[in-house]
Amino acid sequence: MIEPPPYRDPTPWAAGIAVAALVGALTAVAVFAFGAALGAVHPLLAVAVNLIAAGGAAPTAWRWRFAPVTRWVLGGGAAGVVIGWIALLGAALAG
């Protein structure tokens, strides 16, 4: 007799994308604001603090990447950090 595959809950795409977008937007604004404030003190300080913060958070985020709810938060946070860094780089190059 063939056993049925184990039951899996459907992926909540709408709620997950909404959470990821909100977390991404908040993270991008926070990274940009904090990086701009540190960049006003010294640009290398802003780069160093951003890299240390991202490097410190990465192992924990990597361990939680498959948790049902946390994966949406982590995805949005990672996208927000990248968008914040791109915005900081654009602001630094522009002025």
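As a length-normalised measure over Cα pairs under 8 Å and 6 or more apart, the relative contact order of the chain settles at 47 percent.
Stretched out straight at 0.36 nm per residue, the stretch from L51 to V29 would grow longer than its current Cα-Cα span by 6.2 nm. Computed from the C-beta positions of W64 and A37 and an R0 of 25 Å, the FRET efficiency is 0.30 to the nearest 0.05.
Can you give the helix-only mean residue ellipticity at 222 nm for the chain, where every DSSP H stretch with n ≥ 4 adds -39500 (n - 2.57) and the sum goes over all residues, rounded to the nearest 500 deg cm²/dmol? All intermediate terms of the calculation are to be shown ahead of the outcome.
Working: 3 runs with 75 residues, N = 95.
One gets -28000 deg cm²/dmol as the mean residue ellipticity at 222 nm.
Would you list R65, R8 from the most to the least accessible area, probe 1.4 Å? Before the final figure, lay out the partial values.
Values: R65 85, R8 200 Å².
Final ranking, largest accessible area leading: R8, R65.
For segment 28-72, the calculated P(r), taken from all Cα-Cα distances in 10 Å bins from zero up to the bin holding the longest distance, is 26, 39, 26, 9, 0 percent.
In terms of overall dimensions, the C-alpha atoms belonging to the chain reach 69, 25, 16 Å along their principal axes, ordered largest to smallest. Helices that extend 18 Å or more along their long axis by alpha-carbon positions and average at least 1.6 on the Kyte-Doolittle scale are, among the DSSP H runs of the chain, 13-41.
The values are calculated or read from the model by the stated rules, or taken from the named source; none is laboratory data. Just so we're clear, the structure is a prediction, and the values are computed from it rather than from any experiment. Note that each Cβ is placed from the backbone with ideal geometry, even for glycine, and that neighbours are counted across all protein chains shown. Heavy atoms of the whole protein, side chains included, go into the accessibility calculation; ligands, DNA and RNA do not. Shrake-Rupley method; radii C 1.70, N 1.55, O 1.52, S 1.80 Å.
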